[in-house]
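Read through the structure below, which is laid out as structure tokens, and then see the notes.
Read the figures in this text as sums done on the coordinates, not as results from a lab. Given the structure is predicted, the values throughout are model-derived calculations rather than measurements. Backbone-built Cβ (ideal geometry, glycine too); neighbour counts: all protein chains shown.
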Amino acid sequence: MSKTPTTEFRITDRELIMIYRVSARGLLIENDTVLFIEYRSKDNEVYYSLPGGGQETNIDLAQTLKNEFLEEVGLEIFVGDVLLVGNL
């Protein structure tokens, strides 16, 4: 299952509304090694992503990242500086 940020378009009676999914991803480097999560697409193709996931209502991004690391790789982490903010 992919946790990549997505953009959705919803059409109402008169307008087109763009909805962004906010997410946090973490860069963990230890002993010159970067941690990636391996996923498989529906077509069974392998791809990799940094650990992280979508932000839930009333949870800040730092806590989102902590929750996702614990859920995905079983690690409790310290959240450092923001390295990148962007739209995908």
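General observations
- Estimated FRET transfer efficiency (ASP81, TYR39; beta-carbon r; R0 22 Å; 0.05): 0.25
- Rounded to the nearest 0.05, the FRET efficiency derived from the C-beta distance between ASP32 and GLU72 at R0 = 30 Å is 0.90.
- Other residues with beta-carbon under 15 Å from the beta-carbon of VAL46 carry, at +1 per Lys or Arg and -1 per Asp or Glu, a net charge of -1.
- Shape category assigned to segment 23-73 from the gyration tensor of Cα positions, a/c cut at 1.5: oblate
- Summarising the amide proton neighbourhood of SER23: residues at separation of 5 or more, or on other chains, whose placed amide H is nearer than 5 Å comprise GLN55.
- Per DSSP, loop GluC sites (Glu not before Pro) in segment 51-88 with at most 15 further Cβ within 10 Å: GLU56, GLU76
- Segment 15-64: trypsin sites (Lys or Arg not before Pro) in DSSP loop, at most 16 other beta carbons within 10 Å: ARG21, LYS42
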